[in-house]
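Undergrad: Dumping the structure here so I can ask a few things about it.
The values are calculated or read from the model by the stated rules, or taken from the named source; none is laboratory data. The structure presented is a predicted model; accordingly, all values stated were derived computationally and were not measured. Counting neighbours? That spans all protein chains shown, and the Cβs are built from the backbone with ideal geometry, glycine included. Heads up: the accessible areas ignore ligands, DNA and RNA and are worked out on the full protein's heavy atoms, side chains in. Shrake-Rupley method; radii C 1.70, N 1.55, O 1.52, S 1.80 Å.
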Amino acid sequence: MKEFELRSGRLIDPRVSIIYTLIFSIIIALSSNMLVAVVGLISSIILTILIAINIAMILRRLLIVNIFILILWLILPFSTPGPIIFSIGGLKASMSGVSYALLISLKSNAIVITAISLLSSGGIFNLVRALSDLRIPDKLIYIFFLFYRYTYVLFSEYETIKQGLKIRGFEPKTSFHTYRTYGYVLGALLLKGYERSEKIHRAMLCRGFEGKYRLLDHFRIGPNDLIAIFMMALNIIILLLLQWNRLI
Amino acid sequence: MEQINLINLKGVCFGYPQRPDLLSDLDFTLNFQERVGIIGPNGCGKTTLLYIIMGLIKPRRGEVEIFGKTRREEGDFKEVRKKIGFLFQNSDDQLFCPSVKEEVAFGPLNFGVNKEMVQKIVADTLARVGLSGFEPRTPYSLSGGEKRRLALATIFAMNPEVLLLDEPTIGLDEETVIRIKEILKSPGLSYIIVSQNRLFLKELTDIQYTINNGKIKRIE
Ligand SMILES: Nc1ncnc2c1ncn2[C@@H]1O[C@H](COP(=O)(O)OP(=O)(O)OP(=O)(O)O)[C@@H](O)[C@H]1O
Ligand SMILES: [Mg+2]
């Protein structure tokens, strides 16, 4: 337990994290209430600050998410019908389009921030352990684990291939040679990733893996967790109340 | 545990899909407390042979008998994998856990060893390969030789009855090679070592084989 705290730099039981992330995400994703989205985003930021994990890492991942959201901002305001608030060139932006894009931005950021800060720092085995403690079927956990490994493997293979290209003097240009090389790299990447994950599966078999994950360190609900559970529950109640107020 | 034949392959044929037979009608035996070396050119099928013993690939024809029982189905190999420790030629293929400690603990935990015992096994085995203090490190971030040592530790931690080591000393420094040699020289072990280092094999094994045209041949 002590080691887990050291390595992950946070104190919340992963089972609590998973359940909270799940409930929070469902509420935020289903709500179309602007106030719920705003409060959700604020609570996710507070959460991150309290947990104080690697803020730079979170910002980097948020950047990627928000690049996609930026694309929404370029499309949604101009394609949603409604009263017009401004126009650029011949394009007319509608009020409802803008508020729709805003809602999506708030909601996705709230969910992503919560998920990253609660789930990404404890290490894959802690997550796997927590999932299995929550009685998730082993097959599903297995798929999840392999998916994680596969992504990691693909990424590290990509790094290796890139270095291989560099030392052989490859410089990207707008030429047929460059595009063909990119094609080869992509192909090699998929094949290598597939092969490597198969080999890892073999390695797991060789060490007695039979579809069950056993972990060295057990989770115990401690005082920190009780505080966390209390605050999380409170936040969820607030969000639900906001949501229902609107409905009534 | 006085079995004479630990591993017994009879008339094993194997070829990868869309390729000619790599191993044809191969017979091979590993006796109790026998120490066997395999040497041979790249691509002659050494690694493939070890995969067949571990049940990771299945032969086209022939019989794989291990610990006195014929092994055919996936289920037959559970006992085999528990009792035979296999060191992959490439350590990157072997390591998959997020920390060195979990990596070593993975095998023993799968075999139902209790937690306190596992903690002790982890500490002991890491000390044995000279990786004490590496527990929280990520295996992917280790150097090539350190990965090799960790891979060896994961196998020693399972306390296997037989060792299959595919190029165990590749990339290891002199001191570590000496340490590994000492471990391998302890009496009573049964193992197969694949290596390109003739002297290393001479020193550590009683019999040396090579694979030629799909058959295994003893080197005199
Ligand atoms: N997955 C595969 N699919 C197709 N061919 C393969 C596959 N794995 C290996 N081979 C081929 O089978 C042959 C034997 O491979 P193997 O890995 O057993 O050789 P090896 O004796 O261990 O060689 P080395 O000394 O290089 O490790 C090689 O020619 C190789 O190209
Ligand atoms: Mg080989």
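Undergrad: Provide A:241, A:146 ordered by accessible surface of protein heavy atoms (probe 1.4 Å), highest first.
TA: Order by accessible area, largest first: A:241, A:146.
Undergrad: For region B:156-220 and region B:89-139, what is the separation of their Cα centres, given in Å?
TA: 22 Å
Undergrad: Give me, ordered by chain and number, the residues 5 or more places off residue A:93 or on other chains with an amide H under 5 Å from its own placed amide H.
TA: A:85, A:86, A:87, A:88
Undergrad: So how far apart, in nm, are the two label points at residue A:30 and residue A:74 if each is 7 Å from Cα heading toward Cβ?
TA: Here the answer is 3.4 nm between the modelled labels.
Undergrad: Now for a different question. So what does residue A:175 come to for accessible area, using a 1.4 Å probe and Å² rounded to 10?
TA: 40 Å²
Undergrad: Which pairs, out of A:212/B:185; B:115/B:185; A:162/B:185, put more than 32 Å between their alpha-carbon atoms?
TA: In this structure, A:212/B:185; A:162/B:185 lie more than 32 Å apart at Cα.
Undergrad: Sort A:129, B:60, A:168, B:72 by heavy-atom solvent-accessible area, probe 1.4 angstrom, most to least.
TA: Reading off the accessible areas and sorting them downward yields A:168, B:72, B:60, A:129.
Undergrad: For residue A:226 and residue A:38, what does the FRET efficiency come to when R0 = 25 Å and r is the distance between their Cβ atoms, rounded to the nearest 0.05?
TA: 0.35
Undergrad: Cross-link list B:10/B:69; B:10/B:215; A:139/B:69; A:166/A:192; B:58/B:215: which exceed 22 angstrom alpha carbon to alpha carbon?
TA: Check vs 22 Å cut-off fails for A:139/B:69.
Undergrad: What are the GluC sites (Glu not before Pro) within region B:21-123 that DSSP puts in a loop, where the Cβ has at most 15 other Cβ atoms within 10 Å?
TA: Counting only loop positions with at most 15 other Cβ atoms within 10 Å, the GluC sites (Glu not before Pro) in region B:21-123 are B:73.
Undergrad: Using just the helices of the protein assembly as shown, give the 222 nm mean residue ellipticity in deg cm²/dmol: DSSP H runs with n ≥ 4 each add -39,500 (n - 2.57), and the total is spread over all residues, rounded to 500.
TA: -18500 deg cm²/dmol
Undergrad: Once Lys and Arg get +1 and Asp and Glu get -1 on their Cβ, which of B:53, A:136, A:84 lies farthest toward the positive end of the dipole of the protein assembly as shown?
TA: Going by the charge dipole, the pick is A:84.
Undergrad: Quote the total accessible area buried by chains A and B together, excluding ligands, DNA and RNA, probe 1.4 Å, nearest 100 Å².
TA: Protein heavy atoms only, the A-B interface buries about 2900 Å².
Undergrad: Let me know the charge dipole size of chain A about its Cα centre in debye, to the nearest 20, where only the beta-carbon of Lys, Arg (+1) and Asp, Glu (-1) is charged.
TA: Dipole about the Cα centre, nearest 20: 540 debye.
Undergrad: Sorting A:204, A:34, B:117 by accessible area (1.4 Å probe), largest first, what list results?
TA: Highest to lowest solvent-accessible surface, that is B:117, A:34, A:204.
Undergrad: Using a Gaussian network for chain B with springs between C-alpha atoms less than 10 Å apart, which of these wobbles most: B:85, B:68, B:112?
TA: Per the Cα network of chain B with a 10 Å cutoff, B:112 tops the list.
Undergrad: At a Förster distance of 51 Å, what's the computed FRET efficiency of residue B:32 paired with residue A:22, Cβ-Cβ distance as r, to 0.05?
TA: Calculated value: 0.40.
Undergrad: What is the Cα centroid distance between region A:195-210 and region A:17-69, reported in whole angstrom?
TA: 35 Å
Undergrad: Let me ask something additional. Compute a Gaussian network model of chain A, connecting alpha carbons closer than 10 Å, and tell me which residue from A:31, A:87, A:96 fluctuates the most.
TA: Residue with maximal mean-square fluctuation among A:31, A:87, A:96: A:87.
Undergrad: Here's a follow-up. Any idea of residue A:192's accessible area? Nearest 10 Å², probe 1.4 Å.
TA: Estimated to the nearest 10 Å², residue A:192 gives 80 Å².
Undergrad: So, one more: Roughly to the nearest percent, how much of the accessible area of region A:137-206 is carbon and sulfur, given a 1.4 Å probe?
TA: Carbon plus sulfur share of accessible area: 68 percent.
Undergrad: Per residue, what accessible area does chain B have, given a 1.4 Å probe and all protein chains present, in Å²?
TA: 44 Å²
Undergrad: While we're on this one: If I ignore ligands, DNA and RNA and count only protein heavy atoms, how much of residue A:206 is accessible to a 1.4 Å probe, in Å² to the nearest 10?
TA: Probe radius 1.4 Å; accessible area of residue A:206 about 10 Å².
Undergrad: Out of residues 5 or more away from residue B:86 or on other chains, whose amide H comes under 5 Å of its own, with H placed 1.01 Å from N in the peptide plane?
TA: HN-HN under 5 Å from residue B:86: B:164.
Undergrad: Positive end of the charge dipole of the protein assembly as shown (Lys, Arg +1 and Asp, Glu -1 on Cβ, about the Cα centre): tell me which of A:234, A:113, A:102 has its Cα farthest that way.
TA: A:102
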